Amino acid sequence: MNKSTEPTKNKINPITEGSLFKGILLFSIPLMFSQVLQVLFNTADVAVVGKFSSSATALGAVGSTTILVSLFTGILIGISSGINVFVARFAGAKYDDKIKKTVDSSFIISVISGILLFIVCFFLARPLLLLIKTKEAFLDGAVRYFRIYSIGLPGLAIFNFGNGVLSAVGDTKRPLIYLTAGGLINLGFNLFFVIVCGMDVEGVAIASIISQYVSAILITVRLLMVKDSTRLSLKGLKPDKELSALVLKIGIPAAIQNTIFAVANLFIQVGVNSLDEVMISGNSAAANFDALIYNVLAAFFTACTSYMGQNRGAGKMDRVMKSYLICLLYSFIVGLILGLSLVFFGREFLLIFTNDEAVIDAGMKRINIMGYSYAFSVFMDCAISASRGLGKSFVPSIIVIFGSCVFRIAWIYTVFAYFKTIPSLYLLYIFSWTITAIAETIYFIYAYKKEKKLMDSNPIVIKEG
């Protein structure tokens with residue numbers, strides 16, 4: 001075996017050994033808080049302008065950008081999933097040199113991606129907001145917010161890169177610490193700029209980009225200081241063509257999938273924007289809980305990918321399947337608890353964002369549908385994450401495009417176009433999740449059996465493509 005691929009043989013890896021129930025839970029809890037804090041950057045903006053801004057349109061303006069923020073951050077998250085898969089796989093196989101090259105290549109990919117997205121968002125902010133039919137009353141404020149917010153996208157790209165690397169090797173605590181620091185800074189500057197300085201959308205946007213770069217700097221410093229194979233060295237940094245291609249092979253379909261999801265949600269936002277301003281503001285407030293709950297659940301999906309990737313790299317296919325089933329169980333239980341809590345305490349939660357009773361009533365119309373639906377989304381997302389853990393990303397993305405995105409657009413122009421109500425709009429989620437989950441689960445089982453057969457016929461093979 002040559003030096004570049006020779007595995008190390010020393011310390012015990014808790015991901016590939018020990019209790020999966022305990023390990024996945026301990027892995028997921030810090031990651032869960034990390035995911036939530038990342039979403040809270042935007043949520044804090046909505047809450048502060050809704051409660052403290054003197055502008056009557058500030059809440060709707062910031063809320064109108066939520067779909068676009070999700071679209072472009074989803075691209076960065078998709079790319080980071082490719083980083084996570086291969087760092088985890090090489091960590092499971094103990095191929096230190098390949099981990100090092102993957103880290104260096106992924107950093108370059110992430111920085112370039114963040115800069116490109118910043119350019120697109122900054123210069124196309126108004127056309128994009130017009131495309132989703134943002135209300136005229138909210139448009140100017142939404143453009144200002146989104147342009148300033150986009151300056152933070154390179155920082156967000158770097159953080160997601162670091163988070164992908166650290167979580168792949170089982171370190172989910174440090175990203176949490178870094179995001180906590182960024183989140184507190186975000187909240188503090190939000191309040192300062194809005195209450196003390198009298199700013200509105202500009203103030204909360206500036207606070208967001210400050211916090212994003214703080215988190216990015218902290219996680220980068222950590223990767224520069226570590227002594228193991230995940231260390232980032234900025235001196236002589238250059239991409240490895242083969243490993244860059246592998247990361248992008250997973251990351252690009254995942255990014256496209258997230259983009260297509262967001263595009264489908266843009267059509268949903270167009271449907272919302274066809275309603276009155278009170279309903280739009282209520283929807284903007286309630287939509288923040290979608291992002292929070294999805295990101296809590298996403299911790300288990302990341303755990304699924306990391307655990308399956310490392311155990312696949314170690315050749316432990318039984319632990320691969322068990323990791324999937326345990327992550328599915330955990331995410332379903334948490335989704336059910338959070339969804340029902342939102343239904344029963346929705347009015348109290350909405351008071352975080354607004355004091356207007358009419359807006360709260362409008363928000364509850366959405367919550368009363370979505371609260372019962374979250375738990376069922378995990379069957380789709382967990383199967384997708386499991387397939388990525390096996391190195392399969394293209395087919396799951398195609399399934400999502402047709403099973404969820406095309407279906408949702410068709411629903412909007414048929415069912416919603418006929419009834420024109422919030423319930424008729426948001427029922428599309430559970431129907432699309434169910435259809436897609438069935439197809440994704442069938443594909444994952446097929447991919448798993450094929451991969452297991454490969455491992456059984458050649459136990460020492462590490463399939464890198």
Using DSSP to define loop residues, name the chymotrypsin sites (Phe, Trp or Tyr not before Pro) in segment 361-465 whose beta-carbon has at most 16 other beta-carbon atoms within 10 Å. Tyr372
Using a ≥ b ≥ c from the Cα gyration tensor of segment 244-359 (square roots of the eigenvalues), is it rounded, prolate or oblate, where a/c under 1.5 gives rounded and otherwise the larger of a/b and b/c decides, a/b for prolate? oblate
If every Lys and Arg gets +1 and every Asp and Glu gets -1 at its Cβ, then about the Cα centre segment 133-264 yields a dipole, in debye to the nearest 20, of 400 debye
Rounded if a/c is under 1.5, else prolate if a/b beats b/c, else oblate: with a ≥ b ≥ c from the C-alpha gyration tensor eigenvalues square-rooted, which is segment 291-332? oblate
Let me have the relative contact order for segment 313-454, percent, based on Cα pairs under 8 Å that are six or more residues apart. 30 percent
Which FRET efficiency value, to the nearest 0.05, is calculated for Val221 and Asp97 with the Förster distance at 22 angstrom and r the Cβ-Cβ distance? 0.40
Report the Cα centroid-to-centroid distance between segment 153-197 and segment 207-267 in angstrom, as an integer. 14 Å
For Ser341, the accessible surface traced by a 1.4 Å probe with all protein chains present amounts, in square angstrom to the nearest 10, to 40 Å²
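Are any of the pairs Lys22/Lys249; Lys94/Lys235; Lys100/Lys392; Lys101/Lys449; Lys322/Lys453 more than 26 Å apart by Cα-Cα distance, and if so, which?
The answer is Lys22/Lys249; Lys101/Lys449.
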Using unit Cβ charges (K, R positive; D, E negative) and no other charged atoms, how large, in debye to the nearest 20, is the dipole of segment 198-318 about its Cα centre? 960 debye
Under the 7 Å Cα-to-Cβ spin-label approximation, Phe344 and Glu202 lie apart by a distance in nanometres of 4.6 nm
In whole Hz, what ³J(HN,Hα) sequence does segment 296-301 give by Karplus (6.51, -1.76, 1.60; θ = phi - 60°), x for Gly and Pro? 4, 5, 4, 4, 6, 5
Listed values (1) 40; (2) 43; (3) 36, entry calculated as percent of Cα pairs over 32 Å apart: (3)
Compute all pairwise cysteine Cβ distances in the chain, then list the cysteines with no distance under 4.7 Å to another cysteine. Cys121, Cys197, Cys382, Cys405
Return one whole number: the accessible area per residue of the chain in Å², for a 1.4 Å probe. 40 Å²
Given the C-alpha centroids of segment 82-127 and segment 354-377, what is the distance between them in whole angstrom? 35 Å
Simple label model, 7 Å out from Cα along Cβ direction - Ile195 to Phe394, nm: 5.4 nm
Rank these by accessible area, largest first, 1.4 Å probe: Lys135, Lys453, Lys98. Lys453, Lys135, Lys98
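Which whole-number percentage describes the relative contact order of the chain, with Cα contacts under 8 Å and a sequence gap of 6 or more?
22 percent
From the Cα gyration tensor of segment 337-425, with a ≥ b ≥ c the square roots of its eigenvalues, which class applies: rounded if a/c is under 1.5, or else prolate if a/b is larger than b/c, or else oblate?
Oblate, since a/c reaches 1.5 and b/c is not below a/b.
The values are calculated or read from the model by the stated rules, or taken from the named source; none is laboratory data. These numbers come from a predicted model, not from an experiment. Ideal geometry is used to build each Cβ from the backbone, glycine not excepted, and the neighbour counts take in all protein chains shown. What goes into the accessible areas is simple: the full protein's heavy atoms, side chains included, and nothing from ligands, DNA or RNA. Shrake-Rupley method; radii C 1.70, N 1.55, O 1.52, S 1.80 Å.
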